[in-house]
Structure formats: C-alpha cells, structure tokens
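Presented below is the structure to which this report refers.
The values are calculated or read from the model by the stated rules, or taken from the named source; none is laboratory data. None of the values given here were measured: they were computed from a predicted structure. In this analysis, Cβ positions are derived from the backbone assuming ideal geometry, glycine residues included, and neighbour counts consider all displayed protein chains.
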Amino acid sequence: MKLNMNYYQAVEETGGLPILVPILRERENLFRLVDLLDGMIFSGGVDVDPYHYNEEPHPGLGQITPERDELEITLCRILYEKKKPIFGICRGIQLINVALGGTLYQDIKTQLSNALKHQQEAPAHSPTHEVLIEKDSLLFSILKSERLRVNSFHHQAVKDVAATLRVVARAKDGIIEALESRNDRFVLAVQWHPERMFKRHREHFELFRRFVEECAKKG
Ligand SMILES: [Mn+2]
C-alpha cells in the first residue's frame, strides 16, 4: 500500500502534524492510537469489500484490501464513538459510509446507466465535473459557494447513506459527492481528491484547513 504525499503535505501546510498509520493487528492498539490522535483522514485507495455491506461481489468490483478494510472500519467506528474529527477522501467517503452502516454502488458504469464520466483522464489537478452543494451544510460554510468544480477518480459511489450521515453535495447525474454528520460529530467526506487540487485551486485547501482547525479544538 502507498500513500500519495499530497495528503500529508496538505495537512502540514495547515500547521497540523500529519502521522501515517500502519496496518495494526491488535484491536487494543487501535484504541491506543485513536487516543493519541486529534482526528483522522481516510484516504483514497481501492474498493471496500462489499462483504462489509452485505453484498456479494459484482463483476465490476475492482481490487480489494481486506486487512485495510478491517483496520479502517474499526478505526472509523472508534473515532466516531469518541467524537474525534473524521475527514474522508474518495475511498474515504465510501469507507466512512460503510463503517457507519451505508452501502455502495460497486461499479457506476454497469449499475447506473445515466452517470457522467467519474474516471477522468485529465490530469489529477484538473477539475472535470461540477458538484452542487447544499446551502445549509458545513461544506458550504467552508467553500462559501453552492457550486464547485472537482476532479473525479472513482468507479464506485455511495448508494444508501448511513442513518447518521446526510448528503451535502451531488454531481449533476445525482451521484453523491459529499457527506456530513447529522449530529454533533465532525464528519466531512468528499468523493473527489482535494489533495490533488489544493496547490492550484486554493478553495480545496480550505477543507484541510477546516478539518485541522476542528482537530485543534480540545474536547
Ligand atoms: Mn465524481
């Protein structure tokens, strides 16, 4: 498994201290880790095993990493329980939704006939489609706009939204592009990759800034 350096560069640029998490095996260590951290970003990556939302694998399902799923689902639930800030990016929005009880489309192209292109072939920093943002959302309060152009590198998407989450942005084909918490937790999750855009499109940096600001608040 690899992590693109843009994730931790964005966190460091906000003034936060980024720490990378290994694949820990002992459940007790996950609790110890969460106690040490102020919050967590769930990064991009391969597909979440549909076993975790009670589905059999669709032919369009891609690569999966069972050890990473186990680790991240457990970490996400512990963070949520302890009310620590959670920020999800791409696979991260899908992982958070599944960890909190939601489901996914395993393959947009074969399961949704009118979807637009969500696997762009343009450079990673380039926006290719627009998202429409709910005005009464945390996301809107960060971006101060109801429209945002984003990049897109996903073949899966959120289907049924976890009961404690709400949809705050969609692409024009209806695909869910951002989720937030319905309660007092800080959960911000986006389907695009702000870490690949923030150096050229500064509005995307504000997501990292707001997340780290929330992490700096001591509960
Ligand atoms: Mn998209």
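Only one of these is over 19 Å from Ala10 (Cβ atoms) and not β-branched (Val, Ile, Thr): Arg170, Arg210, Arg149. Name it. Residue meeting the stated conditions: Arg170.
No other residue among Leu37, Leu3, Leu30 is surrounded by 10 or more Cβ atoms within 10 Å (Cβ to Cβ) and modelled with pLDDT under 95 apart from Leu3. Just so you know, in segment 150-178 the residues that are surrounded by 15 or more Cβ atoms within 10 Å (Cβ to Cβ) and either basic (Lys, Arg) or at positive phi (or both) include one that is nearest to the ligand (Cβ to nearest atom), and it is Arg170.
For Glu146, the conditions (1) in contact with a helix residue (DSSP H, G or I) (Cβ under 9 Å, 6 or more places away or on another chain); (2) closer than 27 Å to Cys76 by Cβ; (3) charged (D, E, K, R) are fulfilled apart from (2). Somewhere in segment 55-69, is a residue out of contact with any helix residue (DSSP H, G or I) (no Cβ under 9 Å at 6 or more places or on another chain) and without any contact (Cβ under 8 Å) to a residue 24 or more places away in the chain? Looking through segment 55-69, at least one residue is out of contact with any helix residue (DSSP H, G or I) (no Cβ under 9 Å at 6 or more places or on another chain) and without any contact (Cβ under 8 Å) to a residue 24 or more places away in the chain. Only a single criterion out of (1) assigned to a strand (DSSP E or B); (2) within 16 Å of the ligand (Cβ to nearest atom) is not satisfied by Ala122, namely (1). Restricted to segment 154-216, the set of strands (runs of 3 or more DSSP E) holding at least 3 residues that are within 14 Å of Arg91 (Cα to Cα) comprises 176-181, 187-190.
Does Asn4 fit the bill of being under 28 Å from Phe208 (Cα atoms) and in a helix (DSSP H, G or I)? It is false that Asn4 is under 28 Å from Phe208 (Cα atoms) and in a helix (DSSP H, G or I).
For segment 179-193, filtered to residues that are of a type in the set (A, V, I, L, M) and within 16 Å of the ligand (Cβ to nearest atom), the residue that is nearest to Ile41 (Cα to Cα) is Ala189. Taking (1) in a helix (DSSP H, G or I); (2) within 16 Å of the ligand (Cβ to nearest atom); (3) farther than 20 Å from Glu214 by Cβ in turn, Val98 satisfies each apart from (2).
When segment 7-24 is filtered for residues that are touching an Asp or Glu at 6+ places or on another chain (Cβ under 6 Å) and surrounded by fewer than 18 Cβ atoms within 10 Å (Cβ to Cβ), the ones remaining, listed by number, are Pro18, Ile23. Looking across segment 128-149 at every residue that is more than 10 Å from the ligand (Cβ to nearest atom) and part of a loop (DSSP other than H, G, I, E, B), the one that is farthest from Met197 (Cα to Cα) is identified as Asp136. A Cβ distance below 7 Å, combined with a sequence gap of six or more or placement on separate chains, defines the contacts here; from segment 201-219, residues that are loosely packed, with under 15 Cβ neighbours inside 10 Å reach residues that are outside any helix (DSSP H, G or I) and basic (Lys, Arg) in the pairs Gly219/Lys83.
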